[in-house]
Amino acid sequence: MLSLTVLGSGSSGNCAVVRTERTTLLVDAGLSARRIAQRLEMVGLCVSDLDAILLTHEHQDHTCGLEMLCRKYEVPIFATPLTHETLMPAFTKARPKWKLMQTGAAFEFHDLRIECFPVPHDAVDPVGFVIEDEESRLGVLSDVGFITNLIRDRLAGSHSLFIEANYDTHLLEADTRRPWSIKQRISGRHGHLSNDQTAELVQCLAHPALHHIVLGHLSDDCNDPDTALQRINAVLMSAGVRDARVHCAARHQPLPWLEVARRQVSVACAVEETATEYDARHQAEFWPGSAAA
């Protein structure tokens, strides 16, 4: 069974963890090495637990902690050839073990099957991921300008999604601190996804087995967590998917661990769990020393 947590997500840095009983992956390393280590500790892990790092693209808010991590730890890095070539000059002291993955291809790693696929963004070779084991399928989509048919196809059937919802269109238009050129870059075809674009994708991908949707890369100035949550929950309701839970990843603290797919229980043992009971259980799993535990 796959589990997901997001250590931090936003324009200041992006970093998530995907794990099974056998494998632990860091997806991007856009926080400082010190903060990555601190937040891993908060979710019950340490850097030495990492089996590999997956990179979506080379931008600093996804890679700034990479070189320092690799000075201290021997963690393989999966990247596309162009991303690897772009990042190599930054590694002046570390000598990481690079694992090159081909865009559009799938590969096996321990008990996981990982597929990377191309996405439109202003990076050299940005990719999204589908990560799956025998029970669970997770779609990861960060920093995307618009949704392609290929993206819809690759993410179809995911039990959970980690997707960016960078800005609210009205808030971006009303923002007085960003020049027009930056607004155009953000909302352009190689920029970022709005709440509406993310909602359209979720509506397309919605199915009864969809369990969690984690919204990431929210702008502090041009988005609002409540607005984003309401938008995604509305399309889930219209699609008749009432059991999926929507979360906003925060910049400064990790999410509780989320099970990517629902665990199957026998009818004889099944007990309906209220939202309050669900939240209390996951709080206890995330903070073992809390009162809820």
>> Rounded to the nearest 5, what % of DSSP beta bridges with both residues in the stretch 100-245 are antiparallel?
In response: 55
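Only Cα pairs under 8 Å and at least 6 apart count here; give the relative contact order of the chain as a rounded whole percent.
Computed value for the chain: 18 percent relative contact order.
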> So which residue, out of F146, F78, F91, gets the largest mean-square fluctuation from a GNM of the chain using Cα contacts under 10 Å as springs?
Replying inline: F91
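Go ahead and estimate [θ] at 222 nm for the chain from helices alone: -39,500 (n - 2.57) per DSSP H run with n ≥ 4, summed, over the residue count, rounded to 500. Don't jump to the answer; show the numbers that get you there.
Numbers: 10 runs with 86 residues, N = 293.
Taking each H run of at least 4 residues, the total per residue is -8000 deg cm²/dmol.
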>> Using Cα springs under 10 Å in a Gaussian network model of the chain, which residue among R178, R113, R262 shows the largest mean-square fluctuation?
In response: R178
> Quick one: S187, S48, fewest Cβ neighbours within 10 Å first, how do they rank?
Replying inline: S48, S187
>> For Cα pairs less than 8 Å apart in space and 6+ apart in sequence, what is the mean separation divided by the residue count of the stretch 112-267, i.e. the relative contact order in percent?
In response: 24
>> Using square roots of five times the C-alpha gyration tensor eigenvalues, list the equivalent-ellipsoid semi-axes of the stretch 145-260 in whole Å, biggest first.
In response: 24, 16, 12
> By what distance, in whole Å, do the Cα atoms of the stretch 93-184 stretch along each of the three principal axes, largest value first?
Replying inline: 49, 41, 20
> So how long is each side of the chain along the principal axes, counting just the alpha-carbon atoms, biggest first, in Å?
Replying inline: 58, 45, 37
> So, in Å, what gap is there between the alpha-carbon centers of the stretch 95-115 and the stretch 132-157?
Replying inline: 16
>> Counting other C-beta atoms within 10 Å, and keeping those with at most 11, which DSSP coil trypsin sites (Lys or Arg not before Pro) do you find in the stretch 177-243?
In response: R177, R189, R242
> Which ³J(HN,Hα) values in Hz, rounded to whole numbers, follow from the phi angles of the stretch 158-163 under the Karplus curve 6.51 cos²θ - 1.76 cosθ + 1.60, where θ = phi - 60° and Gly and Pro get x?
Replying inline: 5, 7, 9, 10, 10, 10
> Can you work out the base-10 log of I(q)/I(0) for the stretch 1-83 at q = 0.13, 0.19 1/Å, using the Debye formula on its C-alpha atoms alone?
Replying inline: -0.34, -0.75
> GNM on the chain, C-alpha springs below 10 Å: top fluctuator among C46, C15, C248?
Replying inline: C46
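What does the convex hull of the Cα atoms come to per residue for the stretch 28-137, in Å³?
Output value, Cα hull per residue: 106 Å³.
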> Amide H neighbours of G10 under 5 Å, counting only residues 5+ apart in sequence or on other chains, H built in-plane at 1.01 Å?
Replying inline: H217
> Relative contact order, percent, of the stretch 23-104 when contacts are C-alpha pairs under 8 Å separated by at least 6 residues?
Replying inline: 30
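Read the figures in this text as sums done on the coordinates, not as results from a lab. Given the structure is predicted, the values throughout are model-derived calculations rather than measurements. Cβ: placed from backbone, ideal geometry, glycine included. Neighbour counts: every protein chain shown.
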